[in-house]
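The values are calculated or read from the model by the stated rules, or taken from the named source; none is laboratory data. These numbers were taken from a predicted model, which means no experiment stands behind them. Every residue, glycine among them, receives a Cβ derived from its backbone with ideal geometry; neighbour counts consider all protein chains shown. The accessibility values were calculated without ligands, DNA or RNA, using every heavy atom of the protein model including side chains. Shrake-Rupley method; radii C 1.70, N 1.55, O 1.52, S 1.80 Å.
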Amino acid sequence: MNYDSVSTVVGRIKEDLEHDFRLKNVAMEGNIIGLKRASTGHWYMNIHDDKASIRAVLFRNRAGTMMSTVKEGDSVVVTGEVNVYEKGGTFSFIIERLFSQGVGNLQQQYEKNKAELYAQGYFDKDNKKELPRFPWKVGVLTSATGAVLHDIQKIRAERNEYIEVVLYPVPVQGDGAAPKLVKALEEAGKNRDLDVLILARGGGSMEDLWCFNDRVVVEAIYKANTPVISAVGHETDYTLCDYVADARGATPSHAAEMAVLPLTTLQDQLTEKEEYLHEYM
């Protein structure tokens with residue numbers, strides 16, 4: 001039996017796709033997800049609708065001013081053709097022209113939910129709880145396998161190794177994530193030993209972070225008896241959880257710094273009080 005090499009098979013796929021006239025001069029409409037500009041000047045993104053997503057690239061020499069007003073989540077029409085990258089065994093859409101149609105469906109839904117929740121008082125400062133000055137047990141709601149937990153543990157070890165971190169492992173993206181986040185928030189809220197909660201995940205596209213914009217998650221944070229620090233995404237990412245939480249960390253590491261007072265600070269404060277009392281006596 002004769003066997004073809006991987007490169008031969010992928011080469012045939014590439015030839016078939018790139019020579020199919022139906023995959024040239026394609027025009028399609030969708031929302032931009034995962035928009036990134038590389039150091040080379042090329043733009044990478046996914047063009048997404050409710051049922052599918054395709055990786056796309058707009059090369060620097062084609063971009064011009066097309067991307068000057070385009071944002072994550074925007075609705076766009078793109079024209080171009082399908083390309084197969086043989087080394088990675090993947091295909092992508094090479095954009096020739098991009099036409100922005102303004103705010104996309106996800107962004108519209110986000111703004112609508114934000115306005116409604118704001119009007120109903122979910123984001124009021126008067127409803128926010130103060131973070132404890134001397135927490136000894138910190139509940140962390142995040143993925144058990146991601147880098148976020150490692151970052152938080154690292155900050156805890158550096159600042160105060162006597163503080164205990166209690167993990168509540170949760171999915172941090174996907175359609176089924178929101179109910180599990182709510183369940184974990186309710187469970188952590190019943191643990192009277194916990195002084196503060198950190199809800200955290202790393203960066204991602206608007207679609208990746210969407211469960212943190214779900215109303216049921218916002219309501220669970222609002223109802224929590226224990227103060228909640230939200231640290232979702234990058235510093236520039238704002239989810240509705242960030243607005244309803246009692247405090248927001250720019251990153252998960254920043255949230256850990258907010259929750260964990262350095263042991264050296266406690267020691268310094270005790271020394272100052274001891275000196276004051278000795279002098280007073």
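For segment 2-55, which residues satisfy the criterion of being of a type in the set (S, T, N, Q), open to solvent by less than 70 Å² (accessible area, probe 1.4 Å), within 35 Å of the chain's Cα centre (by Cα) and more than 20 Å from Gly174 (Cβ to Cβ)? The answer is Thr40, and nothing else.
So, of the residues in segment 205-225 that are in contact (Cβ under 8 Å) with a residue 60 or more places away in the chain and not charged (D, E, K, R), which turns out to be most open to solvent (accessible area, probe 1.4 Å)? Taking the candidates together, the pick is Tyr222.
Right, Asn83: open to solvent by less than 60 Å² (accessible area, probe 1.4 Å) and over 30 Å from Asp16 (Cα atoms) or not?
Numbers: open to solvent by less than 60 Å² (accessible area, probe 1.4 Å): yes; over 30 Å from Asp16 (Cα atoms): no.
The answer is no for Asn83.
Residues that are open to solvent by 60 Å² or more (accessible area, probe 1.4 Å), at pLDDT below 95 and within 21 Å of Tyr122 (Cβ to Cβ) do not occur anywhere in segment 262-272. Note on segment 138-166: residues that are in contact (Cβ under 8 Å) with a residue 24 or more places away in the chain, open to solvent by less than 60 Å² (accessible area, probe 1.4 Å) and under 22 Å from Leu263 (Cβ atoms) total 11.
Among the residues making up segment 69-104, those that are without any contact (Cβ under 8 Å) to a residue 60 or more places away in the chain and of a type in the set (A, V, I, L, M) are Val70, Val76, Val77, Val78, Ile94, Ile95, Leu98, Val103. For segment 231-246, which positions are open to solvent by 20 Å² or more (accessible area, probe 1.4 Å) and outside any helix (DSSP H, G or I)? Residues satisfying the conditions are His234, Glu235, Thr236, Asp237, Tyr238, Asp246.
Would you be able to say whether some residue in segment 35-45 is of a type in the set (S, T, N, Q), under 24 Å from Gly202 (Cβ atoms) and touching a His at 6+ places or on another chain (Cβ under 9 Å)? Within segment 35-45, none of the residues are of a type in the set (S, T, N, Q), under 24 Å from Gly202 (Cβ atoms) and touching a His at 6+ places or on another chain (Cβ under 9 Å). Looking across segment 1-53, the residues that are closer than 29 Å to Asn105 by Cβ and in a loop (DSSP other than H, G, I, E, B) come down to Lys24, Asn25, Ala38, Gly41, His42, Asp49, Asp50, Lys51, Ala52. Listed conditions (1) closer than 30 Å to Asn25 by Cβ; (2) in a helix (DSSP H, G or I) are all met by Ala115, apart from (1).
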